[in-house]
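Read through the structure below, which is laid out as structure tokens, and then see the notes.
The values are calculated or read from the model by the stated rules, or taken from the named source; none is laboratory data. Computed from a prediction, not measured in an experiment: that's the story for all the values here. Every residue, glycine among them, receives a Cβ derived from its backbone with ideal geometry; neighbour counts consider all protein chains shown. Please note that ligands, DNA and RNA were not included when accessible areas were found on the heavy atoms of the full protein model with its side chains. Shrake-Rupley method; radii C 1.70, N 1.55, O 1.52, S 1.80 Å.
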Amino acid sequence: MSATRRFKPDPSHPGPEVPVYVISVAAELTGLHPQTLRTYDRLGLVQPGRTVGGGRRYSWRDIEQLREVAELTAAGIGLEGVRRILDLEDQVRALRRRVSELEDELAATDFALRQSVQDAAARNLPAVRGTLTSGQSVTVWRRGRS
């Protein structure tokens, strides 16, 4: 990932996803020619918002992505390679979000299990034994009926 400055939230400024920068400002902020920005849009490397009249509007995230594209192409990577890198970075971000969600679910399930084991023991319900390391296994015994 590039070492560009990251967006810092400020109530007086739009969020990083809000498309507000016209193409000339985006070109100035990235150091790229407006025609290059149009080409990157046509190739799908960046997808700026559009006005009702069809004019491009770039968000701060678009500006960061354009800077990254510029860095990669300056390093000698072709546009198809850049597209693949950006796609893979998007996949990695999505997978990291999913892993975080699953870790949160696992922690909640582990907590609920521990609570139910404590509740079962307090009410003298069927014995439940968990292993020493959390999340590996649980064994439930039912008392035999006479």
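Applying a threshold of 6 Å to beta carbon distances and a minimum spacing of six or more residues, or different chains, the list of pairs starting in region 73-89 at a residue that is part of a helix (DSSP H, G or I) and ending at one that is modelled with pLDDT of 95 or more reads Val82/Val69; Val82/Leu72. Name the single residue, out of those in region 36-48 being part of a loop (DSSP other than H, G, I, E, B) and either in contact with a strand residue (DSSP E or B) (Cβ under 7 Å, 6 or more places away or on another chain) or of a type in the set (A, V, I, L, M, F, W, C) (or both), that is surrounded by the fewest Cβ atoms within 10 Å (Cβ to Cβ). Among those residues, the one meeting the criterion is Leu45.
On the stretch given as region 49-61, residues that are under 13 Å from Val25 (Cα atoms) and either open to solvent by less than 20 Å² (accessible area, probe 1.4 Å) or in a strand (DSSP E or B) (or both) total 4. Return yes or no: is Gln65 under 17 Å from Leu43 (Cα atoms) and of a type in the set (S, T, N, Q)? For Gln65, the condition - under 17 Å from Leu43 (Cα atoms) and of a type in the set (S, T, N, Q) - is met. Within region 96-110, residues that are surrounded by 10 or more Cβ atoms within 10 Å (Cβ to Cβ) sit with their Cβ atoms under 9 Å from residues that are at pLDDT below 95, at 6+ positions apart or across chains, in these pairs: Leu106/Gly135; Thr109/Gly135; Asp110/Ser134; Asp110/Gly135.
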